[in-house]
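Please treat every number below as a calculation from the coordinates, not as lab data. Everything quoted here is computed from the prediction, not taken from an experiment. Cβ atoms come from the backbone with ideal geometry, glycine included; neighbour counts cover every protein chain shown.
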Amino acid sequence: MNMNEIIIKKRNGGKLTEEEIRWFVSEYTAGNIPDYQASALLMAIYFSKMDEEETFALTDAMRTSGDVVDLSAIKGIKVDKHSTGGVGDKVTLVVGPLAAACGVPIAKMSGRGLGFTGGTVDKLESIPGFKTTLEPEEFYKQVEDIGIAIIGQSGHIAPADKKLYALRDVTGTIENLSLISSSIMSKKLAAGSDAIILDVKCGKGAFMENQEKAEELAARMCKIGNAAGKRTVAVITDMNQPLGRAVGNSLEVFEAYDTLKGQGPADITEISLHIAGIMIYLGGKADTPEEGAAKAKEAMETGTALAKFRELVVAQGGSLEMFDYHDASGSVPVADYQEELIADRDGYIASIDAQMIGLCSQRTGAGRKVKEDDIDPFAGVLLFKKVGDEVKKGDRLAMFYSSEEKKLKDTVLEAGGKENGAEGEAFVISAKKPEIPALIKTTIGL
Ligand code: URA
């Protein structure tokens, strides 16, 4: 095979064969193809696109480039969940225990966050003692014993994607449907579950800015998953404002905990019951997604889901002390310094810029700029107002927490907090009550 000929073929709009795609993926992963040639091919794919067959071949080549997890030793239908990422998205921490409490085995590998906020693994690591690395045997045994385990994704899952994603990131070749869908699905298919639910976010704080694009991506990923023999369903959900009220690792863990208690924000509760309902259905523990959602609600109301979360924490070495303190006092641990953002007029919250809140949260220390950065588990942002809420001049809109006082002041100024109080740029206040967009737009693949 000749890399130059493959690049020219794709540049001229040709269709690559499965052999050519496999050869490229394995040779690039092995370090035998230079970045400049791989970049040229990615750019040719970006402009000339790939059809379904090529996309499937690319997904499969990346899936098999490293470890493919075998979960067959664990009884039952294992269901995995993936989110394309959003600000304040702690849904995995809620739906995992909900589905597990209803009998669906959850053997989950999650990522760390690069960008605005931490990933699920960073959030769990804000619990003192919580181990996110388990030996494979310990991982399987824990799922067998208590029905749930959540660990960090090993570096050996789809290493080809890791290398190609890093290259795409710096060559302007991220935004291509075939490249995105094959990247996400190669990792999901290698992670070994029998069924997959994808939460594809759309809106200002998301990868896909509009619903049409999000639906197109979701449909592609469902096709790839189903063609690989895994039942795959996608929900398209709104990300025009942060999800819930907490953004930041420990803050989000406590919001998830409260949601499991039935005391979470309305949006987190709604999306979690919807997704958990589908997981319970896909896992064969309900005849319909609606019945699944009813079972999830019951698990929330009876306390079995909260008990499952606490069991998960203990099984992975975490301490329940801060949760017990929270139950007794209602307070949550936060970083040393805090600064509030105040409304400068009466009105209604017309919008909250999810992207800006995400960026501010990162600046407080809750997210990474580069992958070597440490995360401050107790930094972040708490929102007191959401879109549609009425505000009076002087009301608190949000509180920012950080361990570094200077960082905090700059961050609040960035978000729009002025010396004497202002509504800020992150929050827009209007005289008229705005329309609130639907949280769950549509479900694909049921
Ligand atoms: N997330 C991924 O894992 N891959 C992409 O290409 C985009 C988002």
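Structure notes:
- Sum of -39500 (n - 2.57) over DSSP H runs of 4+, divided by residues of the chain (222 nm, nearest 500): -14000 deg cm²/dmol
- Net charge of Cβ neighbours under 9 Å - reference K201; Lys, Arg +1; Asp, Glu -1: -3
- Residue of G203, G388, G172 that the Gaussian network model of the chain assigns the largest fluctuation, springs spanning Cα pairs under 10 Å: G172
- Cα gyration tensor category, rounded, prolate or oblate, for region 80-211 with a/c compared to 1.5: prolate
- In the chain, a dipole from Cβ-located charges (positive for Lys and Arg, negative for Asp and Glu) runs towards its positive end, and of L98, W23, G86 it is W23 whose Cα lies farthest in that direction.
- Per-residue Cβ neighbour rank within 10 angstrom, fewest leading, V170, V68, V121: V170, V68, V121
- Dimensions of region 1-106 based on its C-alpha atoms, expressed as ranges along the principal axes with the largest first, amount to 54, 34, 25 Å.
- Between 0 and 90°, nearest 10: helix 249-260 axis offset from the chain longest Cα axis: 80 degrees
- Calculated P(r) tail over 16 Å for region 229-281, as whole % of Cα pairs: 48 percent
- Whether region 330-446 is rounded, prolate or oblate, judged on the alpha carbon gyration tensor where a/c under 1.5 counts as rounded: oblate
- Environment charge at L243 (Cβ cut-off 11 Å; Lys +1, Arg +1, Asp -1, Glu -1): -3
- Over region 169-277, the hull volume per residue, using the convex hull of the C-alpha atoms, is 130 Å³.
- Just so you know, the averaged projected area of the alpha carbon convex hull for region 16-62 sits at 3.0 nm².
- For region 134-281, a crude dipole built from +1 on the beta carbon of Lys and Arg and -1 on the beta carbon of Asp and Glu, taken about the Cα centre, is about 460 debye to the nearest 20.
- Packing around the peptides 142-151, 389-398, taken as the average count of other Cβ atoms within 10 Å per residue, puts them in this order, highest first: 142-151, 389-398.
- Shape parameters for region 312-363, alpha-carbon atoms, Rg then Dmax in Å: 17.1, 49
- Neighbour counts of other Cβ atoms within 10 Å put M43, M279, M300 in the fewest-to-most order M43, M300, M279.
- Cβ-to-Cβ counts within 10 Å put H274, H156 in ascending order as H156, H274, the fewest first.
- Dipole size of region 329-446 about its Cα centre, with +1 on Lys/Arg Cβ and -1 on Asp/Glu Cβ: approximately 400 debye, rounded to the nearest 20.
- Top of L217, L282, L251 by mean-square fluctuation, Gaussian network on the chain, Cα under 10 Å: L217
- For region 110-180, the calculated P(r) over all alpha carbon pairs, in 10 Å bins from 0 to the bin holding the longest distance, is 17, 37, 29, 16, 1 percent.
- The trypsin sites (Lys or Arg not before Pro) of region 39-93 meeting both criteria, a DSSP state outside H, G, I, E and B (loop) and at most 14 other C-beta atoms within 10 angstrom of the site's C-beta, are K75.
- Rotationally averaged projected area of region 79-155 (alpha carbon convex hull; nm²): 5.3 nm²
- GNM result for the chain, Cα springs below 10 Å: residue of T288, T232, T120 fluctuating most strongly: T288
- Ranked packing of 305-316, 175-186, 237-248, most packed first, by mean Cβ within 10 Å: 237-248, 175-186, 305-316
- Sparse-neighbour loop sites [chymotrypsin sites (Phe, Trp or Tyr not before Pro); region 354-436; at most 16 other C-beta within 10 Å; DSSP]: F384
- With the biggest extent put first, the Cα atoms of region 153-207 measure 31, 26, 18 Å across the principal axes.
- Projected onto planes of every orientation and averaged, the convex hull of the alpha-carbon atoms in region 201-339 covers 10.8 nm².
- Calculated FRET efficiency, D346 to L413, Cβ-Cβ distance, R0 = 30 Å: about 0.85 to the nearest 0.05.
- Normalised Debye scattering of the chain at q = 0.06, 0.12 Å⁻¹ gives log10 I(q)/I(0) of -0.26, -1.03, counting only Cα atoms as equal scatterers and leaving out solvent.
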